[in-house]
Amino acid sequence: MISHPSRHCAVELQALPSRIGQVRRIVSAQLRYWHLDPLIDRAALGVTELLTNVHRHAQPDKTCTVEIEVQLDRLMVSVHDHDPRLPVMEDVGDAADTDALATCGRGLAMVAAVSESWGVRPDGESGKVVWFTLPTPSAVRPTAARPPRRVTQDKPVRVFAEVEHDLDLRRPEHAPARSAVVG
């Protein structure tokens, strides 16, 4: 089930590895639609970590709901599951040198590192919500209903800057972008 009120999206799923990539793509597409492109990488990483935790730890099932919502100047991302046990973030500072290079057990620390704030709260008697927030770019914050004033300038403005560069179109970084035609 996907709901799309103006600035809210919810997806219910089984937190299986095959579904996590799909949810990342849904979150990315929704943030692009809302013109929140600068938040895509951090939101997708956070969602991946939270869904991985549901997959690894949630009991009695892996059913969960991912919600993303713009609240004033924040993006709130939350994952609701049916396991009432609250997660505990492992303290990286207390780990032995060999554990510092571990590739698992760091999900909440990653969420904390990429987000502005995060937390967990019980959800009824048989579940919990783990959430994080990201600040939205100032360009997408609500503005006054009145359109901006038009400013006139006395001097003409150059549309294109004069730049001299030698381009080698054989080098990938100088080659023109290819356009894909979908038929």
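In square nanometres and to one decimal, what's the mean projected area of the convex hull around the Cα atoms of the range 1-87? Taking a quarter of the hull surface, the average projection is 5.6 nm². In this view, the solvent-accessible surface of Cys64, computed with a 1.4 Å probe and all protein chains in place, comes to about 0 Å². Applied to the range 116-122, the Karplus parametrisation 6.51 cos²θ - 1.76 cosθ + 1.60 on θ = phi - 60° returns per-residue 3J(HN,Hα) values of 7, 8, 7, x, 9, 8, x Hz, with x for Gly and Pro.
The values are calculated or read from the model by the stated rules, or taken from the named source; none is laboratory data. Everything numeric in this text was worked out from a predicted model, so none of it was measured. Note: areas computed on protein heavy atoms with side chains; ligands, DNA, RNA excluded. Shrake-Rupley method; radii C 1.70, N 1.55, O 1.52, S 1.80 Å.
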